[in-house]
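Here is the structure we will look at.
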Amino acid sequence: MDLGALVQNGRTIAAHAGRPLLPMVKADGYGLGAVRAAHALESLQPWGFGVATVEEGIELRSSGIDRPILVCTPVLRTELPRMADARLTPALHDPESIGEWGKTGLPWHLSVDTGMSRAGIPWFLVAELHGLLRTHPPQGVFTHFHSAELPDDTAALQLERFTTVVEALPQRPELVHAENSAAIQRFGRSAFDVVRPGIFLYGVGVPMPNAPAAVPVVSMHGRVVDIREVPAGDTVSYLQTYRAVGDRRIATLALGYADGYPRAASNRGWAMLNGRRVPVAGLVTMDMTMLDVTGIPCELGDIATLLGNPAEGAPDVSRLAFHAEMSPYELLTRMRCRIERRYVVGSESLPAGGERAHPSLPNDGGLRTVPDSNGASG
């Protein structure tokens, strides 16, 4: 993971919105490491950070993050004491939880459903909370766009509903926020107080007119651990989905779907190996992926790049997700598996350390290359 590219994307999206960031680092930083992502983004002076669970918030607190941490997903009332102990900010919408949290005097944000039908109080019912909101005023109020990347009027409708809610509150909260990555790209300068970019930070943007593009952040590499000659007619991997047309040379990488490389990329994906594009041969297995390296230089220990920078010939997250017929979000978050994480800032490598252990910043991370063992890295 290139932390320099992460920060560059944050700077780009903040400039486009003209507002401070509330970066989303949920799902372990979209699978790439929440603690490392949050500490890198500190350089942009964000308002705070967004997570999905109490545990994610506690992890950030334990790593030294002192800014506000908004838990955007609804939590049960039984979780509120833990949130208070960790100084986390809940997103609330039901009267009982608002009343209970309000007694603490700690900040909270009102979650409003303007069409997502997933969480938050329906926008047309907010008036029923008027008295409670006067007694326990929220620090913030927010909603979430469900289809801002689509060229239709749904985002405008949600924005209209949300604006109606904000104007009808007993008093305007300190923080009003709504835009996710796609909405920031689409609308540009925000009329609200902070914006909540997520996947754009991690290198995935939506192509839109006059919208900024994200630079790649993540790469995935595997080391060649076996090379064999496969005669014409023989098959590779399970279920015989690849049959050699002529004699082929097949290289095996010590990396599979248990490491986050999608099985759906079987016979569709490709890698860059020694400057050449080589196709995935056969079904991707749990621990290994095979490449057809016929006619190119390849030796044991060589490094293949299965995910990286398109300028270097590798598929980026969007392209690999497209070929695997999956969401880029899903592809990224699957990298929370056993794959070894290594970090760089541009071309500068960070000191190596144990990624699986709780990071003691800034001394974990390492090179964006494959270790000397047979493992994989991202």
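Coordinate-derived values only; no laboratory data. Quick caveat: nothing in here was measured; it's all calculated off a predicted structure. Neighbour counts are summed over all protein chains in view; Cβ atoms, including those assigned to glycine, are modelled from backbone coordinates with ideal geometry.
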How large are Rg and Dmax for region 3-202 when only the alpha carbon atoms are used, in Å?
16.0, 47
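Where in region 129-169 are there chymotrypsin sites (Phe, Trp or Tyr not before Pro) that are in a DSSP coil and have at most 13 other Cβ atoms within 10 angstrom of their Cβ?
none
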So how do 339, 303 line up by other beta-carbon neighbours within 10 Å, fewest first?
303, 339
Let me see the pair-distance distribution of the chain: every alpha carbon pair, 20 Å bin width, integer percents in order.
27, 50, 20, 3
Going through region 255-338, which chymotrypsin sites (Phe, Trp or Tyr not before Pro) have at most 15 other Cβ atoms within 10 Å and a DSSP loop state?
none
Dipole magnitude of the chain about its Cα centre (Cβ charges: Lys, Arg +1; Asp, Glu -1), debye to nearest 20
220
Longest exposed-site-free window of the chain, the sites being GluC sites (Glu not before Pro) in a DSSP loop that have at most 10 other C-beta atoms within 10 Å
1-298
